[in-house]
């Protein structure tokens, strides 16, 4: 049980980067961007090919993020300059990226098991600290027998996600970030203030897919391979994380919303892990589980709101009846 929880938190932090990218496009820009399924693979593909060609894993990861940013820019250009529907722009770019990713990789899958990746470097550095023995020793002392092999990647991802979250919070509070948020709320209004909404959308979608590709690059190195099909359904996972997080923790402020997205990604991975531990569900049911989680997260707030409204009407009706009886 503890190892399942540990794995859910570790992978949840990785997918949280992707979820933050989806948050930028869907919530901040109100742009239904389906490029995500393609740019996620692009990040992993570029990072994997770069590593196999002798590039430093850290630099390879950043190159993967840059490739995703460029893919997002292309989607933004299709919409703003090509005047193509935003949903269709994302679909077209996602389809194009499938072939581009195959070209980058040269095959449908690249193995990184024999290569030095970001995960192996972090694990090696972490092992020198000796903290694994301390943490695992404490856990075993309190009765937990099965402990993780290393805590290095978990703490590394925790630092990375905190930095990314703080940068997004800061960016969205700057003048340019406020203009980006205003573009998602009301393009016509922000244009009246002489803001170039086309450039804002292009940069915003680029940043969104850059984060998605960064997650793809990290996950590919963590998994030990990059696969052309690894991005299928990523947009649903990202949306699930955003919706679950907002439903549970709210999104009244930017800082709270980004924290909710991160926690939503962790909770999503934990729920999926627990669901897959049941006897009647298999690994192939993961997409179904995701769909059900999103449906529940979307419907539950509406049911709660309807119940509150019903209760409010009953109270108002009771007050009116009490007032009539008093007057009589």
List, please: which pairs have Cβ atoms under 6 Å, are six or more places apart or on different chains, and start with a residue in the range 53-76 that is touching a residue at least 40 places away in the same chain (Cβ under 8 Å) and end with one that is part of a loop (DSSP other than H, G, I, E, B) and surrounded by fewer than 17 Cβ atoms within 10 Å (Cβ to Cβ)?
none
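Looking only at the range 50-69, which residues are over 10 Å from residue 211 (Cβ atoms) and in contact with a helix residue (DSSP H, G or I) (Cβ under 6 Å, 6 or more places away or on another chain)? Show your work before the answer.
First, the residues of the range 50-69 that are over 10 Å from residue 211 (Cβ atoms): 50-64, 66-67.
The answer is 50, 51, 57, 60, 61, 63, 64, 67.
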Can you tell me which residue in the range 77-88 is nearest to residue 187 (Cα to Cα), limited to those that are assigned to a helix (DSSP H, G or I) and in contact (Cβ under 8 Å) with a residue 40 or more places away in the chain?
80
Identify all residues within the range 121-147 that are at pLDDT 85 or above and crowded, with 17+ Cβ neighbours inside 10 Å; write none if there are none.
122, 123, 126
All positions within the range 90-114 that are part of a helix (DSSP H, G or I) and within 16 Å of residue 53 (Cα to Cα)
103, 104, 105
Evaluate the range 275-292: report whether one residue or more is at pLDDT 80 or above and farther than 30 Å from residue 46 by Cα.
yes
Can you pull out every residue in the range 248-261 that is surrounded by fewer than 19 Cβ atoms within 10 Å (Cβ to Cβ), within 20 Å of residue 302 (Cβ to Cβ) and touching a residue at least 40 places away in the same chain (Cβ under 8 Å)?
251
Just a yes or no: is a residue in the range 4-14 surrounded by fewer than 21 Cβ atoms within 10 Å (Cβ to Cβ) and part of a loop (DSSP other than H, G, I, E, B)?
no
Conditions (1) surrounded by fewer than 24 Cβ atoms within 10 Å (Cβ to Cβ); (2) part of a helix (DSSP H, G or I); (3) touching a residue at least 60 places away in the same chain (Cβ under 8 Å); (4) under 20 Å from the mean Cα position of the chain (by Cα) -> residue 30 fails only (2)
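Quick grid of which residues meet (1) over 15 Å from residue 243 (Cα atoms); (2) free of Cβ contacts under 8 Å to residues at least 24 places away in the same chain; (3) surrounded by 10 or more Cβ atoms within 10 Å (Cβ to Cβ); (4) touching a strand residue (DSSP E or B) at 6+ places or on another chain (Cβ under 9 Å):
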residue	(1), (2), (3), (4)
269	no, no, yes, no
281	yes, yes, yes, no
289	no, yes, yes, no
295	no, yes, yes, no
299	no, yes, yes, no
308	yes, yes, yes, no
314	yes, yes, yes, no
325	yes, yes, no, no
Qualifying residues in the range 34-72 (those that are in contact with a strand residue (DSSP E or B) (Cβ under 9 Å, 6 or more places away or on another chain) and surrounded by fewer than 24 Cβ atoms within 10 Å (Cβ to Cβ)) - the one nearest to residue 21 (Cα to Cα)
49
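The values are calculated or read from the model by the stated rules, or taken from the named source; none is laboratory data. Owing to the predicted nature of the structure, the values given are computational and were not obtained by experimental measurement. Methodologically, a virtual Cβ is constructed for each residue, glycine included, from the backbone with ideal geometry; neighbour enumeration extends over all protein chains shown.
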